[in-house]
1. Are there any helices (runs of 4 or more DSSP H) wholly within region B:208-293 with 2 or more residues that are touching a helix residue (DSSP H, G or I) at 6+ places or on another chain (Cβ under 7 Å) and closer than 21 Å to B:Val32 by Cβ, and if so which?
2. Does region A:15-24 contain any residue that is more than 7 Å from chain B (Cβ to nearest Cβ) and within 30 Å of A:Tyr149 (Cβ to Cβ)?
3. Go through B:Glu107, B:Glu93 for me and flag whichever is more than 7 Å from chain A (Cβ to nearest Cβ) and either surrounded by fewer than 21 Cβ atoms within 10 Å (Cβ to Cβ) or at pLDDT below 90 (or both).
4. Among A:Ile94, A:Ile80, which is over 30 Å from A:Ile254 (Cα atoms), in the same structural domain as A:Arg152 (by TED's automatic domain parsing) and touching a Gly at 6+ places or on another chain (Cβ under 9 Å)?
5. Just to verify a result, which residue in region B:110-130, among those that are small (Gly, Ala, Ser) and facing chain A (nearest Cβ under 7 Å), is nearest to A:Thr325 (Cα to Cα)?
6. Please go through region B:131-140 and pick out each residue that is farther than 19 Å from A:Phe157 by Cβ, within 7 Å of chain A (Cβ to nearest Cβ) and over 19 Å from the mean Cα position of the chain (by Cα).
7. Scan region B:32-58 residue by residue and report those that are within 30 Å of B:Lys236 (Cα to Cα), within 10 Å of another protein chain (Cβ to nearest Cβ) and buried (at least 18 other Cβ atoms within 10 Å of the Cβ).
8. Among the listed residues B:Leu61, B:Leu26, which satisfies the condition of being crowded, with 21+ Cβ neighbours inside 10 Å and touching a helix residue (DSSP H, G or I) at 6+ places or on another chain (Cβ under 9 Å)?
Amino acid sequence: MTDERERTALPRIARWGRRLAAMTWKEVLQLSRDLPLLLFLLYSFSVAVLVSGVGITMQLRNANLLVHDGDHSQSSRELIHRFQAPYFHFTGEISDARQGLRELDQGRAMLVLDIPPRFHEALVSGERTAVQLLVDTSNAPQGFSAAGYTVRIAGAFGSQLGLASIGLSGNAMQSLPVIESAHRVWFNPNQDETWFQSMSTVLRMITLFGVLLPAAALVREKERGTIEQLLVSPLSPFQIMFSKILAMAGIILIATGLAVYGVLRPVFHVPMKGPDGLFFALTALHIFTTAGLGLVAATIARNQAQVGMMTLFLVGPMMLLSGITSPFESMPQWVQTVMTFSPLKYYIDVTYGVMLKGAGLDVLWKPAGTMLLLGGTLFVLGMWRFRRQFE
Amino acid sequence: MNLRVIRAMALKEWKETTRDRPFLLLAFLLPVLWLTVFGYGLVLDVENIPFAVLDRDHSALSREYIYRFIQSRYFLFRGYAADERALDRLLTETKIRAAVVVPERFEEQLAAGEPVAVQTLFDGTFPLHTDIAKGYVIAINQAFTEERLIDYVRRRRGFTYEQASRLIRPLAVEVRYLYNEEVRSTWSMVPGLIMFTMMLASSLLTALGVVREKETGSIYNIYSSTVSRGEFLVGKLLPYIVISIINVCVLWLMAVTMFHVPFRGSFLFFFSASILFILCTTGIGLLISLLVQTQMAALIITMVVAMIPTILFSGLLVPVASLSQGAQVQAHLLPAMYYTNIVRGSFLKGVGADVLWIDLLALAAFAAGMSVLTYQLFSKRPTT
């Protein structure tokens, strides 16, 4: 009796696998016949990554600086000279303070520095003096950062002048009690922002496609009614759902490979310190998790329009709040709590950990485990809803 | 163009949309919820940077120095480390983002009037945050140095505190923050988020408009009817334009009442610019809808096209001036940048058409271009 069962078990598993494979292949074929979508997938993982890597620096760069120099002295010129590229871009001098306001209004300048008359005289005679800085803070972080630089530049300039006036000039700094800031930046020593930007675009794309592709594929079957055919076929709900994830994950993984070996490595020289296999394994896990999210949405939605709005609703906050767009540690506590449900949050740790830090599973087991747990839960939830709808 | 036909088309589309209750609900709910979540939750100021300290000096002065970091709101103290290997591990595990290493003889050297190099280690995975954190460290070091110098000059030259501090800090910077006087993140973010929300929501609303009919086959009713191309497209767009206009007004109200962002410009100007922008975004959705064959493709393409460049190239987070040449070109090709200028200008700067006419013109040109393009692309006699 047990013998019998053992003999039939193997073919049964094989049959189960063949059916899953057939369904998966059907999904791949269906997707591959959607030419605009395929072209766009290709574009998203190649050209879009390239453009974002080359194009964006979030660090303060080229802040347009206008100067109203009321003094035209050696000191004022020296101070202006200290506003250096790449942070500042000296756009010129203006003769009248009101013109500065106008240029700020029009967005042609971000900063206007106003140096008062008798600036040099005051500094030389040991009086206190002040320069005025107008900052456009309609983009608050950038404006704040630019003001910070200015205060530091002026502070250092003032101290040096003051010390020079009592005979402790620049060269004698060696014999002064000053703290020199020695920085060492780990994992990205040259502060190459192309690494960060290109990688984060890949992360965004993987997440977006990971949620949307399986969700849309499932809802499409519901909308067209072909799901009824699948349900009367010898396929279990698990096979129907899982085959979609498998197919989409495979396609996204290939696209990710294209982005990594076609753009990140050859163009931007992103180091990839950790093993490639680990990165792709964890990427597959991330796609599985996000796909779970999409499938849950798909069991709720009736048509593709609904699922589109739903995924947009989910993906938007994931994109902006998970930690690639804004600093995670500075977020309000409730955002950090809500975002523990965002798979992207863990995937960010994983990707930067493997690629830049060379971390292995011994360090990354926690985010990886959480992703697995999250993905498993979502998948089970999706399955449960799916069964309840159709059985 | 027959107005009655357009009305009939629009009415049909309107009914189709409003009878899909979940969709309708989301169409109105999504912008509101997004603005609430992002408005309160999206913080761009880099604060609470977790850091650890390796104090090799263990002196009163080194503790005072370290205390500067601990009490700063920019840093979040995560404890002392025993040696550099421990720091290494903490950084790799992302438990900390920065570390301060105070060298031996810190107090001794400073007291003797010698310079001391204090090393700070940073996690460089997020270059922007590293850059800002570096700035904070330099500022703290500079302030501490100035105090040491004042102390030093007093002792060596016998100056009074007043004299010494005037000598070391002769130059002050009076910073005036314009448009956003208290440098509140929400003030600059919320207007930007209105743009972000409208860009995504209204283009996605329209994205399925035509392709849905293509996929279900109901488009053949249109092909065989007397409805002209223009009438069809205008009728398709109208309901979504109406929904989007309502949304923009709701978002404006939320910004003013919930987030207390000052609105200093003219509402009429803002409103008309918003309508132009809505014509652009719904136009993008319609264009994609015409170009693809499946709803799935329409959804994904619209989402990527609307989301990624809008996050990166619209001026929402990064000023367009600090983008590279190629990215600036891309920024100028899309309507999001112009509308960001208009929204921020209307809310915070209080400028109107006299300053923002270029942006307004660009939006109008984009909207016109979209209409021409969609009109040309839509054919009642499809080749396939």
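The values are calculated or read from the model by the stated rules, or taken from the named source; none is laboratory data. Nothing here was measured: the structure is a model prediction, and the numbers come from that model. Counting neighbours? That spans all protein chains shown, and the Cβs are built from the backbone with ideal geometry, glycine included.
1. B:229-257, B:267-291
2. No, region A:15-24 has no match at all.
3. B:Glu107
4. Criteria check complete, one pass: A:Ile94.
5. Result: B:Gly124.
6. Passing the criteria: B:Lys134, B:Val137.
7. Within region B:32-58, just B:Trp34 meets the criteria.
8. B:Leu26
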